[in-house]
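Data block below; observations after.
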Amino acid sequence: MAFLEVNNLYKSFNETEVLKGVSFEMERGEVLSIIGSSGNGKTTLLRCLNGLEMANAGTISIDGETVFPADGKNSKQTGLTFGMVFQNFNLFPQYTALRNVTLAMDVQAEKTLGKKNPFDFKRKQALKELRAKNETEARLLLARVGLENKVDNYPCELSGGQQQRVAIARALALSPDILCFDEPTSALDPELTGEVLKVIKQLRSEGRTMIIVTHELEFARNVSDKIIFMADGVIEETGTPQELFENPKSEKTKAFFEKLSEKVTENDD
Ligand SMILES: Nc1ncnc2c1ncn2[C@@H]1O[C@H](COP(=O)(O)OP(=O)(O)OP(=O)(O)O)[C@@H](O)[C@H]1O
Ligand SMILES: [Mg+2]
């Protein structure tokens, strides 16, 4: 049994069938990249994993526990099994970097304390302590992504690369089993891409389990244990970076790489 097992996932939006039976598995500590042309359902797949969209059919299980469809029967169904880093960062503009990271942690902490009651001073004290602990943790996380000097800055005062690193710290704050990235560098200027990719590489060396949707093929090749090529709502081909890049088997995979290399040649002219 693999750590993550995705089985026959289907998702449609009205008449549009986007995921048409997606199945794959990955082990704990692996890095899996998903590549493929625009509009093929890569974002939709990540959103279904994260519970941001509801798949129409299929199953998702982690460590042998079903997380989709949810029946409320196990602890993995709290929605915290997956973390997500979005293409456009999705930070709260009205909060500092630090608050962006602590917010979700505080909401989680409050849940563990049960119902609110204005006269429950023990609960108030416990919450205060948990919040202080969260703040210390958030500062450490921001330092880990190289932002110890930016904790009090607002998103509009940060570069795109710095905002994306805050978003990564925020995703890590909830200790997800699997961290997902949806084109984490595509909204960044090329000179800022490197700093985000460096953080992802560092997370890999720490043994994080990650799924990365990316158009940065060279990066995918370097950082991934396994690569999935998606086409027309299904997984067309899966393999190690070497297998996929050097010896693609499917005609669709070959065509995808050929089209990309034509583009690169055009840009060189
Ligand atoms: N909320 C939605 N409502 C209706 N259609 C949607 C919705 N989200 C996605 N789609 C459609 O689903 C298809 C797949 O979209 P998706 O964003 O998953 O593709 P993608 O592979 O991530 O593309 P890209 O590489 O451009 O990011 C597209 O045709 C898109 O228009
Ligand atoms: Mg997308």
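Read-outs: derived from the displayed coordinates by stated rules, not from any lab. Everything numeric in this text was worked out from a predicted model, so none of it was measured. Here the Cβ is made from the backbone with ideal geometry for all residues, glycine too, and neighbour counts use every protein chain on show.
Quick one: if you take sqrt(5λ) for each eigenvalue of the C-alpha gyration tensor of segment 208-269, what semi-axes come out, biggest first, whole angstrom?
They are 20, 15, 11 Å, listed largest first.
At 7 Å along Cα-to-Cβ for each site, give me the label-to-label distance between F13 and E246 in nm.
3.9
Quick one: if you stick a label point 7 Å off each Cα along the C-beta vector at F119 and A143, how many nm between them?
For F119 paired with A143, the spin-label model returns 4.3 nm.
When DSSP assigns beta bridges and you keep just the ones with both residues in segment 28-268, what percent turn out antiparallel, to the nearest 5?
Bridges in segment 28-268 that DSSP calls antiparallel: roughly 35 percent.
Average projected area of the Cα convex hull of segment 156-219, in nm²?
Taking the Cα atoms of segment 156-219, their convex hull projects to 4.5 nm² on average.
Compute the normalised compactness of segment 1-64: alpha-carbon radius of gyration over 2.2 N^0.38 Å, N being the residue count. Mind showing how you got there, number by number?
Working: Rg = 11.9 Å, N = 64, 2.2 N^0.38 = 10.7 Å.
Segment 1-64 yields a ratio of 1.11.
Contour minus end-to-end for N88 and D232, with contour as 0.36 nm per residue of separation and end-to-end as the Cα-Cα distance?
Roughly 49.4 nm would be gained on extension.
In cubic angstrom, how much convex hull volume per residue do the alpha carbon atoms of the chain span?
Spread over its residues, the Cα hull of the chain gives 156 Å³ apiece.
Taking the number of other C-beta atoms within 10 Å as the exposure measure, put L172, L103 in order starting with the fewest.
Taking fewest neighbouring Cβ atoms as first place, the list is L103, L172.
Would you mind calculating the gained length between N153 and K20 on full extension (0.36 nm times residue separation, minus the Cα-Cα distance), in nm to one decimal?
Here the segment from N153 to K20 would lengthen by 43.6 nm.
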